[in-house]
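The block underneath contains the structure these notes are about, expressed in structure tokens.
Each value in this text was obtained by applying a stated rule to the coordinates, not by laboratory testing. Worth saying up front: this structure is predicted, and the values here are computed from it rather than measured. Glycine also receives a Cβ, built like all others from the backbone with ideal geometry; neighbour counts cover every protein chain displayed.
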Amino acid sequence: MDPIGDCLPCAIAAGRVAVPGGVIHRTGLWLVEHAIGPLPLGSLIVKPARHVVHVADLTAEEAAELGPLLREAARVTTELTRPDQVYVSLWSHADGVPGHIHFVVQPVTRADAAEFGFGPRLQLAIFEADRPPAPGSVAAFAESARSLFGRA
Ligand SMILES: [Zn+2]
């Protein structure tokens with residue numbers, strides 16, 4: 001099995017697999033999409049276009065783009081979801097195997113915190129509750145977010 005050929009983030013980046021909302025923003029080296037699964041509306045995925053499995057393997061150019069892009073992703077979701085906080089996390093470890101790194105930029109509202117708690121416990125509880133946002137709302141969010149990237 002080719003590890004890159006089987007990589008879902010690579011397949012999405014190459015357009016072989018569609019995600020609700022599609023690619024929202026693309027720099028030369030990074031892509032932003034809406035998260036798939038139960039994370040709340042406005043949760044963005046920031047991942048390198050290249051198949052990179054360890055943060056330590058990012059090139060200097062990829063690393064230089066990362067900070068500004070994470071800030072911009074947080075700014076965009078803040079503008080659209082008005083959260084109490086935005087979490088940025090990276091867990092890229094699927095079934096014990098390191099995978100294509102992808103930062104999760106997740107808005108957390110007071111209502112989320114009241115229902116699920118805070119920090120890692122909130123993320124875990126959201127996955128256990130398994131209530132993904134409606135695909136239509138994800139597509140609408142992506143369309144709004146697309147117009148906000150690059151404005152900073
Ligand atoms: Zn990959």
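Which members of segment 30-54 meet the condition of being part of a loop (DSSP other than H, G, I, E, B), surrounded by fewer than 20 Cβ atoms within 10 Å (Cβ to Cβ) and under 15 Å from the mean Cα position of the chain (by Cα)?
Passing the criteria: Ile36, Gly37, Pro38, Leu41, Ala49.
Please go through segment 1-53 and pick out each residue that is of a type in the set (Val, Ile, Thr) and within 25 Å of Asp84 (Cα to Cα).
Result: Ile24, Val32, Ile36, Ile45, Val46.
For segment 90-114, how many residues meet the condition of being outside any loop (DSSP other than H, G, I, E, B) and exposed (fewer than 14 other Cβ atoms within 10 Å of the Cβ)?
Going through segment 90-114 one residue at a time, the tally reaches 7.
Looking at segment 78-88, is at least one residue within 16 Å of the ligand (Cβ to nearest atom) and either buried (at least 17 other Cβ atoms within 10 Å of the Cβ) or closer than 21 Å to Ser144 by Cα (or both)?
The answer is no, given that none of the residues of segment 78-88 is within 16 Å of the ligand (Cβ to nearest atom) and either buried (at least 17 other Cβ atoms within 10 Å of the Cβ) or closer than 21 Å to Ser144 by Cα (or both).
For segment 115-152, what are the residues that are of a type in the set (Lys, Arg), assigned to a helix (DSSP H, G or I) and touching a residue at least 60 places away in the same chain (Cβ under 8 Å)?
Arg146
Can you report the number of residues in segment 1-23 which are out of contact with any Phe, Trp or Tyr (no Cβ under 7 Å at 6 or more places or on another chain), outside any helix (DSSP H, G or I) and either more than 12 Å from the ligand (Cβ to nearest atom) or not acidic (Asp, Glu) (or both)?
14
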